[in-house]
1. With the condition kept exactly as written, say whether any residue in the stretch 150-164 is within 16 Å of ligand 2 (Cβ to nearest atom), assigned to a helix (DSSP H, G or I) and either out of contact with any Gly (no Cβ under 9 Å at 6 or more places or on another chain) or without any contact (Cβ under 8 Å) to a residue 24 or more places away in the chain (or both).
2. Could you run through the stretch 355-398 and say how many residues are closer than 17 Å to Val5 by Cα and not hydrophobic (A, V, I, L, M, F, W, C)?
3. Kindly check whether there is at least one residue in the stretch 29-39 that is crowded, with 24+ Cβ neighbours inside 10 Å, among the aromatic types (Phe, Trp, Tyr) and in contact with a helix residue (DSSP H, G or I) (Cβ under 6 Å, 6 or more places away or on another chain).
4. Going through the stretch 113-132 one residue at a time, which ones are part of a loop (DSSP other than H, G, I, E, B) and either within 12 Å of ligand 1 (Cβ to nearest atom) or acidic (Asp, Glu) (or both)?
5. Could you tell me which residue of the stretch 97-115 is nearest to ligand 2 (Cβ to nearest atom), considering only residues that are closer than 25 Å to Leu161 by Cβ and surrounded by fewer than 24 Cβ atoms within 10 Å (Cβ to Cβ)?
6. Please work out which residue is surrounded by the most Cβ atoms within 10 Å (Cβ to Cβ), limiting yourself to the stretch 259-274 and to residues that are part of a loop (DSSP other than H, G, I, E, B) and free of Cβ contacts under 8 Å to residues at least 40 places away in the same chain.
7. Need pairs with beta-carbon distance below 6 Å; first residue of a type in the set (Ser, Thr, Tyr) and within the stretch 183-210, second more than 11 Å from ligand 2 (Cβ to nearest atom); sequence gap 6+ or separate chains.
8. If I filter the stretch 221-258 down to residues being without any contact (Cβ under 8 Å) to a residue 12 or more places away in the chain and assigned to a helix (DSSP H, G or I), which single residue comes out as farthest from the chain's Cα centre (by Cα)?
Amino acid sequence: MSAAVEWVEAWAPADGARRAHDLFVDRFGTEPDGTWSAPGRVNLIGEHTDYNGGLCLPTALPHRAYVALRRRDDDTVRLVSAQEAGRVREVRLADVAPGTVDGWPAYVAGVAWALREAGHVVGGFDVAVDSCVPYGAGLSSSASLEASVAVALDAVFDLGLAGTAEQPDDAGRTTLAAVCVRAENEIAGAPTGGMDQSASLRASAGHALLLDCLDGSVRHVPFDLSAHGLELLVVDTRAEHALVDGQYAARRAACEAAAVRLGVGTLREVAPEALDAALATLADGSAEGDVQVRRVRHVVREIERVEQFVARLDAGDVEAVGPLMDASHASLRDDYEVSCRELDLVVDAARAAGALGARMTGGGFGGSAIALVRADEVDAVASAVADAFAAGGLRAPAFVLAPPAAPAS
Ligand code: ADP
Ligand code: MG
């Protein structure tokens, strides 16, 4: 018997906006000033490169966080989320500082705090949240929440940063992305490299976002899946592994230590042609040196793979990116050591069922994997993955289709 396949559908934008609006009216007894939304993201390639000054290539998901928001004349923030039991919480903006806000309100109040820190005049507000971005799946529900609040505050406090949906202001959105990063790092206390917030605010429908993490510059690369009869299948493994934060910190520390030994500011400065010499320098016979060899090999080759991936998209050869996805996964599994049984299982089962390429995406140790699949093989590939999880005695995964969607608006 084959296992059931559970799809997580994206809401139609009008539905999402109505949900947030109705929750707002129900809890606060008045109309909001408006509704705003922002997407989660998935990274096509370029993993663990952001904190090394490298390249990554996210797209915005059709799954979005929706907020209905109304400006207040005082310093109070009242918030409610359908995903957090629908209970109204209250925070005073003057009290917001690192370590003072517990739980999910930190992601919202943190954005207002970071806007003030950046010199913008922002006061209190009431906000209702509803979202179809899966939580904790590595698809950045946190950045989608921050970005939706950021564009809402931009509008109601007339900051003039986001531009319009037709004509987004990329410079202003870069400022908003930096504000969201500060909110997440300093108020929510979660380490994040900046890819998620840039994707949610600066992506473009039908395109992948080539993000240069050295200087924050972007290029929109055409990624028209449907014109090529393809789908991007995302599989949320629902795996939860302990020690994730420590592992992330250890990877960053190894990269930083290797950069110091190589005499470079970031590993971005190690060109692919200079990799062999760099690895010879790092391999000093110690266990630490051996680890650095593998971490650096991943980072330098992964940045090179992003460039190759983009070159293939620019040439219109979308199917040809499959082998680069496969190579990225092998490198993350063997050299960077951030995969896990569930992620490897998705990748192996998807490929065996005909996927053109597959890899883990996001930080690793759980979260999601992606597969590039011919549109008429999506159901077969999803079934094969669901069956492999059932046969392995694992919790059923969730499936998402991810055509590159629009940014925050
Ligand atoms: P990811 O971003 O990969 O989904 P994170 O752990 O970074 O996972 O962020 C998840 C957290 O973000 C949640 O635990 C919650 O605090 C907050 N969050 C995300 N979406 C919402 C929402 N719709 N309502 C309230 N809080 C949310
Ligand atoms: Mg997150």
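1. First pass over the stretch 150-164, keeping only residues within 16 Å of ligand 2 (Cβ to nearest atom): 150.
Those still in the list that are assigned to a helix (DSSP H, G or I) too: 150.
Keeping just the survivors that are either out of contact with any Gly (no Cβ under 9 Å at 6 or more places or on another chain) or without any contact (Cβ under 8 Å) to a residue 24 or more places away in the chain (or both) gives 150.
Yes, because at least one residue in the stretch 150-164 is within 16 Å of ligand 2 (Cβ to nearest atom), assigned to a helix (DSSP H, G or I) and either out of contact with any Gly (no Cβ under 9 Å at 6 or more places or on another chain) or without any contact (Cβ under 8 Å) to a residue 24 or more places away in the chain (or both).
2. Going through the stretch 355-398 one residue at a time, the tally reaches 10.
3. yes
4. Here is the first cut: in the stretch 113-132, the residues part of a loop (DSSP other than H, G, I, E, B) are 118-124, 132.
Listed by number, the list holds a single entry, Cys132.
5. Restricting attention to the stretch 97-115, the residues satisfying the condition of being closer than 25 Å to Leu161 by Cβ are 97-98, 101, 104-115.
Still in the running and surrounded by fewer than 24 Cβ atoms within 10 Å (Cβ to Cβ): 97-98, 101, 104-105.
Numbers: Ala97: 21, Pro98: 18, Val101: 16, Trp104: 12, Pro105: 16 Å.
Across the stretch 97-115, the extreme among qualifying residues is Trp104.
6. Looking only at the stretch 259-274, we keep the residues that are part of a loop (DSSP other than H, G, I, E, B), and these are 263-266, 270-271.
Restricting the remaining residues to those that are free of Cβ contacts under 8 Å to residues at least 40 places away in the same chain gives 263-264, 270-271.
Details: Gly263: 9, Val264: 15, Val270: 22, Ala271: 11.
The qualifying residue surrounded by the most Cβ atoms within 10 Å (Cβ to Cβ) is Val270.
7. Note: pairs meeting the criteria are Ser198/Ala177; Ser198/Leu211; Ser200/Ala38; Ser200/Pro39; Ser200/Ala147; Ser200/Ala408; Ser204/His220.
8. Ala227
The values are calculated or read from the model by the stated rules, or taken from the named source; none is laboratory data. Keep in mind that this is a model prediction, so the values were computed, not measured. Note that each Cβ is placed from the backbone with ideal geometry, even for glycine, and that neighbours are counted across all protein chains shown.
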